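See structure below.
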Amino acid sequence: MQTLRLTAEQVETAAEILRRGGLLGIPTETVYGLGANGLDAGAVGRIFAAKGRPQDNPLILHIPSADWLERYCEDIPPSAYALAERFWPGPLTMILRHKPIVPDAVTAGLDTVGMRCPAHPVCRAIIAAAGVPVAAPSGNTSGRPSPTNMADMLEDMDGKIDGIVDGGPCAVGVESTIIDLTCVPPRLLRPGGITLEQLREVLGEVAVDPAVTRLMGEGEKPRAPGMKYRHYAPKAPVTVVQGAPAAAARYIQDHMAPGDGVICFDEYAGLFDGHPLEQLGPSTDVPEQARRVFDALRWFDGTDVQQIWAQCPEAAGIGLAVANRLNKAAGFHIVQAE
Ligand code: AMP
Ligand code: MG
(Lines give C-alpha, C1' and ligand atoms only; values in the text may rest on other atoms or scores of the structure.)
(Ligands and ions follow the chains in the order given, each with its own letter.)
Protein backbone atom coordinates (compact mmCIF):
# COMPACT_ATOMS: atom_id res chain seq x y z
CA MET A 1 0.00 0.00 0.00
CA GLN A 2 1.19 3.50 -0.85
CA THR A 3 0.90 5.89 2.11
CA LEU A 4 -0.23 9.35 0.94
CA ARG A 5 1.63 12.30 2.49
CA LEU A 6 -0.93 15.02 3.16
CA THR A 7 -0.42 18.62 4.18
CA ALA A 8 -2.42 20.30 6.93
CA GLU A 9 -4.52 21.95 4.19
CA GLN A 10 -5.72 18.64 2.72
CA VAL A 11 -8.45 18.22 5.32
CA GLU A 12 -11.08 16.96 2.84
CA THR A 13 -8.80 14.23 1.45
CA ALA A 14 -7.97 13.12 4.99
CA ALA A 15 -11.64 13.06 6.00
CA GLU A 16 -12.47 11.01 2.90
CA ILE A 17 -9.92 8.35 3.92
CA LEU A 18 -11.67 8.05 7.29
CA ARG A 19 -15.18 7.97 5.78
CA ARG A 20 -14.34 5.16 3.38
CA GLY A 21 -12.89 2.94 6.15
CA GLY A 22 -9.18 3.70 5.65
CA LEU A 23 -6.36 4.25 8.15
CA LEU A 24 -5.08 7.78 8.70
CA GLY A 25 -2.01 9.04 10.53
CA ILE A 26 -3.38 12.05 12.34
CA PRO A 27 -1.52 14.77 14.27
CA THR A 28 -2.82 15.62 17.74
CA GLU A 29 -1.40 17.85 20.46
CA THR A 30 -0.31 14.75 22.44
CA VAL A 31 1.27 12.33 19.95
CA TYR A 32 0.50 11.23 16.36
CA GLY A 33 -2.46 8.87 16.30
CA LEU A 34 -3.50 6.03 14.00
CA GLY A 35 -7.13 6.89 13.28
CA ALA A 36 -10.10 5.12 11.70
CA ASN A 37 -13.88 5.58 11.67
CA GLY A 38 -14.80 4.52 15.21
CA LEU A 39 -18.22 3.22 14.14
CA ASP A 40 -16.74 0.90 11.48
CA ALA A 41 -15.58 -2.31 13.17
CA GLY A 42 -13.70 -3.44 10.06
CA ALA A 43 -11.70 -0.22 9.85
CA VAL A 44 -10.95 -0.35 13.58
CA GLY A 45 -9.75 -3.94 13.18
CA ARG A 46 -7.17 -2.77 10.64
CA ILE A 47 -5.67 -0.43 13.29
CA PHE A 48 -4.84 -3.46 15.41
CA ALA A 49 -3.32 -5.25 12.42
CA ALA A 50 -1.15 -2.27 11.36
CA LYS A 51 0.21 -1.78 14.88
CA GLY A 52 0.46 -5.44 15.88
CA ARG A 53 -1.63 -4.38 18.87
CA PRO A 54 -3.14 -7.03 21.18
CA GLN A 55 -6.93 -7.29 20.63
CA ASP A 56 -7.72 -6.75 24.32
CA ASN A 57 -6.14 -3.27 24.45
CA PRO A 58 -8.97 -0.78 23.77
CA LEU A 59 -8.79 2.46 21.75
CA ILE A 60 -9.88 6.03 22.50
CA LEU A 61 -12.78 7.66 20.61
CA HIS A 62 -11.98 11.22 19.49
CA ILE A 63 -14.87 13.67 19.12
CA PRO A 64 -15.09 17.33 18.04
CA SER A 65 -16.95 18.57 21.15
CA ALA A 66 -18.49 17.48 24.44
CA ASP A 67 -21.94 17.66 22.76
CA TRP A 68 -21.10 14.32 21.12
CA LEU A 69 -20.69 12.49 24.46
CA GLU A 70 -24.39 11.55 24.64
CA ARG A 71 -24.25 9.91 21.22
CA TYR A 72 -21.86 7.24 22.50
CA CYS A 73 -22.03 7.26 26.32
CA GLU A 74 -24.66 6.71 29.02
CA ASP A 75 -24.82 7.34 32.80
CA ILE A 76 -22.57 10.36 32.19
CA PRO A 77 -21.77 11.90 35.60
CA PRO A 78 -21.79 15.70 36.06
CA SER A 79 -18.04 15.48 36.70
CA ALA A 80 -17.54 14.60 33.00
CA TYR A 81 -19.07 17.90 31.95
CA ALA A 82 -17.11 19.78 34.60
CA LEU A 83 -13.87 18.28 33.24
CA ALA A 84 -14.89 18.95 29.62
CA GLU A 85 -15.68 22.55 30.47
CA ARG A 86 -12.26 23.06 32.00
CA PHE A 87 -9.93 20.85 29.92
CA TRP A 88 -11.54 20.18 26.50
CA PRO A 89 -10.41 20.50 23.85
CA GLY A 90 -7.22 19.11 25.32
CA PRO A 91 -5.11 16.14 26.40
CA LEU A 92 -7.67 14.46 28.68
CA THR A 93 -9.46 11.13 28.10
CA MET A 94 -12.46 10.18 30.23
CA ILE A 95 -13.55 6.59 30.78
CA LEU A 96 -17.38 6.41 30.66
CA ARG A 97 -20.09 3.77 30.14
CA HIS A 98 -20.83 3.34 26.45
CA LYS A 99 -23.99 2.86 24.43
CA PRO A 100 -24.46 -0.22 22.19
CA ILE A 101 -23.57 1.84 19.07
CA VAL A 102 -19.85 1.71 20.02
CA PRO A 103 -18.33 -1.43 18.45
CA ASP A 104 -16.58 -4.03 20.62
CA ALA A 105 -13.56 -3.57 18.35
CA VAL A 106 -13.05 -0.11 19.93
CA THR A 107 -13.67 -1.09 23.57
CA ALA A 108 -12.15 -4.59 23.50
CA GLY A 109 -15.53 -5.78 24.75
CA LEU A 110 -15.51 -3.63 27.92
CA ASP A 111 -18.68 -1.83 29.00
CA THR A 112 -16.70 1.42 29.09
CA VAL A 113 -15.10 3.61 26.44
CA GLY A 114 -12.32 6.22 26.49
CA MET A 115 -13.53 9.62 25.14
CA ARG A 116 -11.35 12.57 24.16
CA CYS A 117 -11.80 15.90 22.40
CA PRO A 118 -8.38 16.81 20.99
CA ALA A 119 -7.09 20.40 20.73
CA HIS A 120 -4.92 20.22 17.58
CA PRO A 121 -6.67 22.45 14.99
CA VAL A 122 -5.88 20.16 12.03
CA CYS A 123 -7.09 17.11 13.92
CA ARG A 124 -10.32 18.87 14.88
CA ALA A 125 -10.93 20.02 11.31
CA ILE A 126 -10.46 16.47 9.98
CA ILE A 127 -12.81 14.90 12.56
CA ALA A 128 -15.46 17.56 11.93
CA ALA A 129 -15.17 17.09 8.14
CA ALA A 130 -15.37 13.30 8.45
CA GLY A 131 -18.48 13.61 10.65
CA VAL A 132 -17.63 10.41 12.55
CA PRO A 133 -15.90 9.75 15.88
CA VAL A 134 -12.29 8.75 15.24
CA ALA A 135 -10.94 5.71 17.07
CA ALA A 136 -7.21 6.06 17.56
CA PRO A 137 -4.32 4.76 19.61
CA SER A 138 -0.82 6.20 19.24
CA GLY A 139 0.67 5.75 15.76
CA ASN A 140 3.63 3.54 16.74
CA THR A 141 4.16 -0.18 16.21
CA SER A 142 2.87 -1.81 19.41
CA GLY A 143 5.50 -1.68 22.16
CA ARG A 144 7.62 1.10 20.62
CA PRO A 145 7.74 4.69 21.89
CA SER A 146 4.93 6.89 20.50
CA PRO A 147 5.61 9.15 17.46
CA THR A 148 5.67 12.90 18.10
CA ASN A 149 6.30 14.02 14.51
CA MET A 150 5.41 12.77 11.02
CA ALA A 151 8.85 11.24 10.30
CA ASP A 152 8.68 9.07 13.44
CA MET A 153 5.25 7.79 12.49
CA LEU A 154 6.31 7.02 8.92
CA GLU A 155 9.21 4.99 10.30
CA ASP A 156 6.63 2.59 11.80
CA MET A 157 3.65 2.92 9.44
CA ASP A 158 4.87 3.79 5.91
CA GLY A 159 3.20 1.35 3.49
CA LYS A 160 0.75 0.08 6.13
CA ILE A 161 -1.75 2.97 6.20
CA ASP A 162 -3.65 4.98 3.58
CA GLY A 163 -2.37 8.42 4.51
CA ILE A 164 -0.69 10.61 7.06
CA VAL A 165 -1.24 14.31 7.70
CA ASP A 166 1.69 16.53 8.62
CA GLY A 167 0.62 18.69 11.54
CA GLY A 168 4.11 19.55 12.73
CA PRO A 169 5.71 18.38 15.97
CA CYS A 170 3.35 17.62 18.86
CA ALA A 171 2.98 20.38 21.47
CA VAL A 172 2.50 18.10 24.51
CA GLY A 173 4.57 15.07 23.47
CA VAL A 174 3.08 12.42 25.79
CA GLU A 175 -0.30 10.69 25.40
CA SER A 176 -3.47 12.03 27.04
CA THR A 177 -4.18 11.81 30.74
CA ILE A 178 -6.75 9.03 31.31
CA ILE A 179 -9.27 9.41 34.15
CA ASP A 180 -11.81 6.68 34.95
CA LEU A 181 -15.11 8.33 35.94
CA THR A 182 -17.00 5.04 36.41
CA CYS A 183 -15.59 4.48 39.91
CA VAL A 184 -15.62 6.41 43.19
CA PRO A 185 -13.34 8.20 43.71
CA PRO A 186 -12.35 8.79 40.06
CA ARG A 187 -9.10 7.05 39.24
CA LEU A 188 -6.09 8.24 37.25
CA LEU A 189 -5.14 5.41 34.87
CA ARG A 190 -2.46 7.25 32.89
CA PRO A 191 -0.76 10.59 33.69
CA GLY A 192 -0.40 13.10 30.85
CA GLY A 193 -0.60 16.77 29.92
CA ILE A 194 -3.52 17.46 32.28
CA THR A 195 -1.93 16.94 35.68
CA LEU A 196 -3.20 15.08 38.74
CA GLU A 197 -3.12 18.39 40.59
CA GLN A 198 -5.41 19.98 37.95
CA LEU A 199 -7.82 17.01 38.11
CA ARG A 200 -8.04 17.30 41.90
CA GLU A 201 -8.96 20.99 41.57
CA VAL A 202 -12.11 19.92 39.69
CA LEU A 203 -12.86 16.48 41.17
CA GLY A 204 -11.60 16.68 44.75
CA GLU A 205 -10.33 13.22 45.65
CA VAL A 206 -8.67 11.29 42.79
CA ALA A 207 -7.15 7.82 43.24
CA VAL A 208 -3.97 6.94 41.38
CA ASP A 209 -3.92 3.47 39.85
CA PRO A 210 -0.96 1.47 41.21
CA ALA A 211 0.13 0.67 37.63
CA VAL A 212 1.08 4.34 37.15
CA THR A 213 3.98 4.11 39.56
CA ARG A 214 4.98 0.45 39.74
CA LEU A 215 5.15 -2.79 37.79
CA MET A 216 2.00 -4.92 37.99
CA GLY A 217 2.75 -8.16 39.85
CA GLU A 218 2.19 -11.68 38.49
CA GLY A 219 -1.54 -12.47 38.58
CA GLU A 220 -2.51 -8.88 39.41
CA LYS A 221 -5.41 -7.74 37.23
CA PRO A 222 -4.80 -4.26 35.81
CA ARG A 223 -7.70 -1.82 35.73
CA ALA A 224 -7.04 -0.94 32.09
CA PRO A 225 -6.01 -3.79 29.79
CA GLY A 226 -3.28 -1.69 28.18
CA MET A 227 -1.44 -1.41 31.46
CA LYS A 228 -0.14 -4.95 31.40
CA TYR A 229 1.83 -4.60 28.20
CA ARG A 230 5.49 -3.66 27.80
CA HIS A 231 5.48 -0.13 26.51
CA TYR A 232 7.52 2.69 25.02
CA ALA A 233 10.65 0.54 25.13
CA PRO A 234 13.74 0.93 22.94
CA LYS A 235 15.59 -2.29 21.99
CA ALA A 236 18.33 -1.73 24.59
CA PRO A 237 17.41 -2.05 28.29
CA VAL A 238 16.89 1.24 30.14
CA THR A 239 17.83 2.11 33.73
CA VAL A 240 16.16 5.19 35.22
CA VAL A 241 18.23 7.08 37.79
CA GLN A 242 16.13 9.10 40.21
CA GLY A 243 17.34 11.77 42.61
CA ALA A 244 18.57 15.35 42.47
CA PRO A 245 19.75 16.06 38.89
CA ALA A 246 23.44 16.59 39.76
CA ALA A 247 23.57 13.46 41.94
CA ALA A 248 21.82 11.37 39.28
CA ALA A 249 24.23 12.58 36.58
CA ARG A 250 27.19 11.68 38.80
CA TYR A 251 25.69 8.25 39.52
CA ILE A 252 25.40 7.53 35.81
CA GLN A 253 28.98 8.69 35.19
CA ASP A 254 30.21 6.35 37.95
CA HIS A 255 28.26 3.29 36.84
CA MET A 256 28.15 3.39 33.04
CA ALA A 257 30.29 1.21 30.74
CA PRO A 258 32.09 2.44 27.60
CA GLY A 259 29.57 2.74 24.77
CA ASP A 260 26.49 2.93 27.03
CA GLY A 261 23.84 5.43 25.95
CA VAL A 262 22.50 8.23 28.12
CA ILE A 263 19.39 10.41 28.26
CA CYS A 264 20.25 13.43 30.37
CA PHE A 265 19.19 16.96 31.21
CA ASP A 266 20.91 19.59 29.05
CA GLU A 267 23.11 20.86 31.90
CA TYR A 268 24.92 17.51 32.20
CA ALA A 269 25.53 16.65 28.55
CA GLY A 270 29.21 17.65 28.89
CA LEU A 271 29.82 14.83 31.38
CA PHE A 272 29.18 12.11 28.82
CA ASP A 273 31.58 12.90 25.98
CA GLY A 274 31.93 9.99 23.57
CA HIS A 275 28.67 8.29 24.65
CA PRO A 276 25.60 8.10 22.42
CA LEU A 277 23.51 10.81 24.03
CA GLU A 278 20.06 12.37 23.87
CA GLN A 279 19.22 15.55 25.76
CA LEU A 280 15.84 15.67 27.51
CA GLY A 281 15.84 19.47 27.87
CA PRO A 282 16.79 21.73 30.77
CA SER A 283 16.24 20.06 34.17
CA THR A 284 13.81 22.83 35.08
CA ASP A 285 11.72 22.69 31.87
CA VAL A 286 9.47 19.65 32.32
CA PRO A 287 7.08 20.48 29.42
CA GLU A 288 10.12 20.42 27.11
CA GLN A 289 11.13 17.04 28.59
CA ALA A 290 7.62 15.75 27.77
CA ARG A 291 8.01 16.92 24.16
CA ARG A 292 11.38 15.20 23.80
CA VAL A 293 11.09 11.98 25.81
CA PHE A 294 9.70 9.69 23.08
CA ASP A 295 12.05 10.96 20.39
CA ALA A 296 14.97 10.43 22.77
CA LEU A 297 13.90 6.83 23.44
CA ARG A 298 13.31 6.09 19.74
CA TRP A 299 16.68 7.51 18.67
CA PHE A 300 18.66 4.74 20.36
CA ASP A 301 17.08 2.09 18.10
CA GLY A 302 19.28 3.48 15.32
CA THR A 303 22.45 2.91 17.41
CA ASP A 304 24.06 -0.26 18.73
CA VAL A 305 24.06 0.70 22.43
CA GLN A 306 23.80 -2.24 24.81
CA GLN A 307 22.35 -0.22 27.65
CA ILE A 308 20.71 3.19 28.24
CA TRP A 309 20.84 5.30 31.39
CA ALA A 310 18.17 7.96 31.88
CA GLN A 311 17.78 10.98 34.12
CA CYS A 312 14.20 11.58 35.19
CA PRO A 313 12.21 14.57 36.52
CA GLU A 314 10.42 14.59 39.85
CA ALA A 315 7.01 12.87 39.65
CA ALA A 316 4.93 16.04 40.11
CA GLY A 317 2.89 18.06 37.61
CA ILE A 318 3.61 16.90 34.06
CA GLY A 319 6.76 15.30 35.54
CA LEU A 320 4.50 12.45 36.68
CA ALA A 321 3.78 11.69 33.00
CA VAL A 322 7.43 11.96 31.90
CA ALA A 323 8.58 9.76 34.80
CA ASN A 324 5.81 7.24 34.01
CA ARG A 325 6.91 6.90 30.34
CA LEU A 326 10.59 6.59 31.28
CA ASN A 327 9.84 4.09 34.05
CA LYS A 328 7.67 1.99 31.73
CA ALA A 329 10.36 2.11 29.03
CA ALA A 330 12.72 0.80 31.72
CA GLY A 331 10.28 -1.93 32.83
CA PHE A 332 10.42 -0.06 36.17
CA HIS A 333 14.13 -0.75 36.49
CA ILE A 334 14.80 2.29 38.68
CA VAL A 335 17.77 3.16 40.90
CA GLN A 336 18.09 5.95 43.39
CA ALA A 337 21.17 8.23 43.29
CA GLU A 338 22.65 9.73 46.50
P1 AMP B 1 -2.73 4.48 23.43
O2 AMP B 1 -3.00 5.95 23.65
O3 AMP B 1 -1.99 4.16 22.19
O4 AMP B 1 -1.97 3.87 24.58
O5 AMP B 1 -4.13 3.75 23.42
C6 AMP B 1 -5.25 4.10 24.19
C7 AMP B 1 -5.15 3.91 25.67
O8 AMP B 1 -6.43 4.11 26.27
C9 AMP B 1 -4.69 2.53 26.12
O10 AMP B 1 -3.77 2.66 27.17
C11 AMP B 1 -5.97 1.87 26.61
O12 AMP B 1 -5.74 0.83 27.53
C13 AMP B 1 -6.72 3.06 27.18
N14 AMP B 1 -8.16 2.82 27.16
C15 AMP B 1 -9.00 2.92 26.11
N16 AMP B 1 -10.26 2.59 26.44
C17 AMP B 1 -10.25 2.26 27.74
C18 AMP B 1 -11.24 1.81 28.66
N19 AMP B 1 -12.50 1.63 28.31
N20 AMP B 1 -10.85 1.57 29.94
C21 AMP B 1 -9.55 1.77 30.30
N22 AMP B 1 -8.58 2.17 29.47
C23 AMP B 1 -8.90 2.43 28.21
MG1 MG C 1 0.13 3.78 22.57
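Does the range 7-151 come out rounded, prolate or oblate by the C-alpha gyration tensor, with a ≥ b ≥ c the root eigenvalues, rounded set by a/c under 1.5 and, if not, prolate when a/b is larger than b/c and oblate if not? Because its axes are fairly even, with a/c under 1.5, the range 7-151 counts as rounded. Helix 78-87 and the longest principal axis of the C-alpha atoms of the chain enclose an angle of approximately 60°.
A simple packing score, the average count of other Cβ atoms within 10 Å per residue, orders the peptides 208-221, 38-51 as 38-51, 208-221, with the highest score first.
Our summary gives the chain a relative contact order of 20 percent, counting only alpha carbon pairs under 8 angstrom and 6 or more residues apart. When only Cα pairs below 8 angstrom with a gap of at least 6 residues are kept, the range 1-83 shows a relative contact order of 14 percent. Would you give the gap between the C-alpha center of the range 120-181 and the C-alpha center of the range 182-234, rounded to a whole Å? Cα centres, the range 120-181 to the range 182-234: 21 Å. Would you tell me the accessible area of Tyr229, worked out with a 1.4 angstrom probe on the heavy atoms of the protein chains, in Å² to the nearest 10? Estimated to the nearest 10 Å², Tyr229 gives 70 Å².
Straight-line reach from Lys160: taking Cα to Cα under 19 Å and skipping same-chain neighbours fewer than 8 places apart, the aspartates and glutamates in range are Glu16, Asp40, Asp152. Give me the angle, in degrees from 0 to 90, between the Cα long axis of helix 121-130 and the longest principal axis of the Cα atoms of the chain, rounded to the nearest 10. Helix 121-130 sits at roughly 30 degrees to that axis.
For the range 118-229, the Kirkwood estimate of the hydrodynamic radius, built from every pair of different alpha carbons, is 16.4 Å. For Lys221, the lysines whose Cα falls under 23 Å of its own Cα, not counting residues fewer than eight places away in the same chain, are Lys328. The solvent-accessible area of Ser65, taken with every protein chain present and a 1.4 Å probe, is close to 40 Å².
So what's the back-of-envelope 222 nm ellipticity for the chain, counting only DSSP H runs of four-plus at -39500 (n - 2.57) apiece and dividing by all residues, rounded to 500? So the helix-based figure for the chain works out to -8500 deg cm²/dmol.
Can you give the FRET efficiency to the nearest 0.05 for Ala207 and Gln306, using r as the Cβ-Cβ distance and R₀ = 45 Å? Using R0 = 45 Å, I get an efficiency of 0.70. Most simply put, the chain has about 40% antiparallel DSSP beta bridges, counting only bridges with both residues inside it. A crude spin-label estimate for the pair Tyr81 and His255, with each label 7 Å from Cα along the Cβ direction, gives 5.1 nm.
Ranking Val172, Val113 from most to least accessible surface, computed with a 1.4 Å probe over the protein chains only, gives Val172, Val113.
Remark: the Arg19-Asp56 segment gains 10.8 nm on full extension, using 0.36 nm per residue and subtracting the alpha carbon distance. Anisotropy class assigned to the range 179-338 is prolate, per the alpha carbon gyration tensor with a/c at or over the 1.5 cut-off and a/b larger than b/c.
The values are calculated or read from the model by the stated rules, or taken from the named source; none is laboratory data. Since this is a predicted model, take the numbers as computed values, not measurements. Every residue, glycine as well, gets a Cβ built from its backbone with ideal geometry; the counts of neighbours run over all protein chains shown. Accessible surface areas use protein heavy atoms only, side chains included; no ligands, DNA or RNA. Shrake-Rupley method; radii C 1.70, N 1.55, O 1.52, S 1.80 Å.
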